[in-house]
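Below is one structure, written out as structure tokens; the observations come after it.
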Amino acid sequence: MAAAAAPGSTPPGTPTEYDPFRFRSIEPDLRVAMVTGATGVLGQATVRAFLDEGFRVVVHDNSVEDLNALVAQLGASATAEALYPICFDISRPEAVAAAMHRIQTDFGQVYFLVNNNAVVSATHALDTSPEDWQYAFAQNVHSAFYMSREVLPAMRAKRFGRIINTCSLAGKTGGITTGIAYSTTKGALQTLTFSLARETARDGVTVNGISYAYVQTATLERFPKEVVDQLLSSIPVGRFMRPEEFAFAVMFLSSPMAGFITGEIVDLNGGLLTD
């Protein structure tokens with residue numbers, strides 16, 4: 001295990017004056033982020049936020065078509081210098097290792113990792129096949145472990161890094177509108193967050209999760225009005241989360257001023273669950 005920083009020393013990227021973000025205090029070679037599952041609404045918002053802060057960003061998805069669509073939507077900001085799209089099977093350790101080697105060679109080492117890849121399911125226990133169960137764990141949990149394992153050596157060497165896992169309200173409640181496989185995997189992702197945080201805290205690496213619920217998307221608009229009204233009535237703030245609010249939480253946890261926060265699951269649920 002790497003030695004702890006000497007008392008009074010300043011870890012890389014620590015600002016010298018109060019500023020909630022101050023990413024400019026981070027060395028340019030450290031400002032490389034990666035967002036997995038980047039083509040969904042949360043992933044897209046997070047990618048835009050990193051680009052807006054001057055990061056170089058690796059964007060992953062399991063679909064080449066969806067990646068191409070994301071690059072097109074980003075427009076002028078999707079330059080070869082700023083953006084590196086890559087498609088690979090994130091549930092296979094050998095594919096992850098090969099992809100990360102390629103990224104490091106072509107684009108740079110990742111020091112900010114957002115494990116956002118996930119599949120959603122709504123089936124109950126008796127309707128969930130062993131294949132469905134294993135697939136959910138491969139995409140939602142194994143992928144985050146494989147990705148984190150690949151980036152940790154470089155983060156430890158630099159004594160700086162951020163890993164942020166996209167958790168869910170379902171991981172804390174057992175699922176309100178989601179199924180058993182999704183809920184269980186998100187609970188496991190929380191525990192992975194806790195374990196990694198304890199392992200890496202003395203290495204200058206923080207590991208946190210964001211437990212979100214009910215995002216405002218175009219999909220919601222296709223739900224029957226009574227379903228939407230029922231969901232809204234259960235959320236104390238009376239609205240759904242905006243994707244940009246998720247991205248803001250990612251940026252806060254990524255910032256130098258969040259270096260004392262690790263092993264935390266941040267709730268973004270409008271007061272639906274408090275703990």
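Values in this text are rule-based calculations from the coordinates and carry no lab data. Just so it is clear, the model here is predicted, and its values are computed rather than measured. Ideal geometry is used to build each Cβ from the backbone, glycine not excepted, and the neighbour counts take in all protein chains shown.
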Per Stokes-Einstein, at 10 °C and 1.306 mPa s, what whole-number D in µm² s⁻¹ belongs to the range 165-224, with the Kirkwood radius over Cα pairs as the hydrodynamic radius? 124
For the chain, what's the relative contact order in percent, using C-alpha pairs closer than 8 Å and at least 6 residues apart? 21
Ranked from fewest to most other Cβ atoms within 10 Å of their own Cβ, Leu67, Leu232, Leu189 fall in the order Leu232, Leu67, Leu189
Check: the chain dipole with +1 on Lys, Arg Cβ and -1 on Asp, Glu Cβ, in debye: 560
Taking the alpha-carbon set of the range 224-274, what are its Rg and Dmax in Å? 14.2, 44
What ranking of Thr274, Thr193 emerges when the number of other C-beta atoms within 10 Å of each C-beta is taken as an exposure proxy, fewest first? Thr274, Thr193
Going by how many other Cβ atoms sit within 10 Å of their own, how do Tyr111, Tyr146 line up, fewest first? Tyr146, Tyr111
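For the chain, what does -39500 (n - 2.57) per DSSP helix run (n ≥ 4), summed and divided by total residues, give at 222 nm, in deg cm²/dmol to the nearest 500?
-12500 deg cm²/dmol
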According to the Cα gyration tensor, what semi-axes, each the square root of 5 times an eigenvalue, does the equivalent ellipsoid of the chain have, listed from largest to smallest in whole Å? 29, 21, 20
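Ranked highest first by average number of other Cβ atoms within 10 Å, how do 157-170, 248-261, 40-53 line up?
Peptide ranking by packing, descending: 157-170, 40-53, 248-261.
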